[in-house]
1. Looking at the stretch 63-80 only, could you name the residues that are surrounded by 13 or more Cβ atoms within 10 Å (Cβ to Cβ) and among the small types (Gly, Ala, Ser)?
2. How many residues does the stretch 21-41 contain that are surrounded by fewer than 11 Cβ atoms within 10 Å (Cβ to Cβ) and hydroxyl-bearing (Ser, Thr, Tyr)?
3. If you go through the stretch 81-98 one residue at a time, do you hit one that is hydroxyl-bearing (Ser, Thr, Tyr), open to solvent by 90 Å² or more (accessible area, probe 1.4 Å) and modelled with pLDDT of 85 or more?
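The values are calculated or read from the model by the stated rules, or taken from the named source; none is laboratory data. None of these values were measured; they are calculated from a predicted model. Cβ placement follows ideal geometry from the backbone for every residue including glycine, while neighbour counts extend to all protein chains displayed. Surface accessibility is based on the protein's heavy atoms, side chains included, excluding ligands, DNA and RNA. Shrake-Rupley method; radii C 1.70, N 1.55, O 1.52, S 1.80 Å.
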Amino acid sequence: MRRSRRMFNEYQSENFNPDERYALAYKRVKRIKSFYVHALVYVLINAFIIFRNYYGGTHNNENFWTWVNFNTALFWGIGLLAHGLSVFGSTIFFGQNWEEKKIQEFMDKDKNQKWE
């Protein structure tokens, strides 16, 4: 069983120490908060860069739509995506108990098929 699944099961059990539950929840909240701060800084800084480039004299010609004006937003966006995946993990795509639900779905599907 994966470590995260084991920790989730322990977290849900009644024998899990409430102080440890609070510490884990506090740590998760801090990680989520740091992601939202990172996202806010990303939006503000990149909006400023694009605004400055647009009104800095390049908006009257085709030079505004060059790679140089948008490369910071792209590469920082990749870093922000990685940060988001590290915070929210696989729950973004698969959710909680996804594996169990999918296994049950396949078992139900196989049960309904006749293997003769």
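1. Ala73, Gly77
2. Residues in the stretch 21-41 being surrounded by fewer than 11 Cβ atoms within 10 Å (Cβ to Cβ) and hydroxyl-bearing (Ser, Thr, Tyr): 2 in total.
3. Looking through the stretch 81-98, none of the residues is hydroxyl-bearing (Ser, Thr, Tyr), open to solvent by 90 Å² or more (accessible area, probe 1.4 Å) and modelled with pLDDT of 85 or more.
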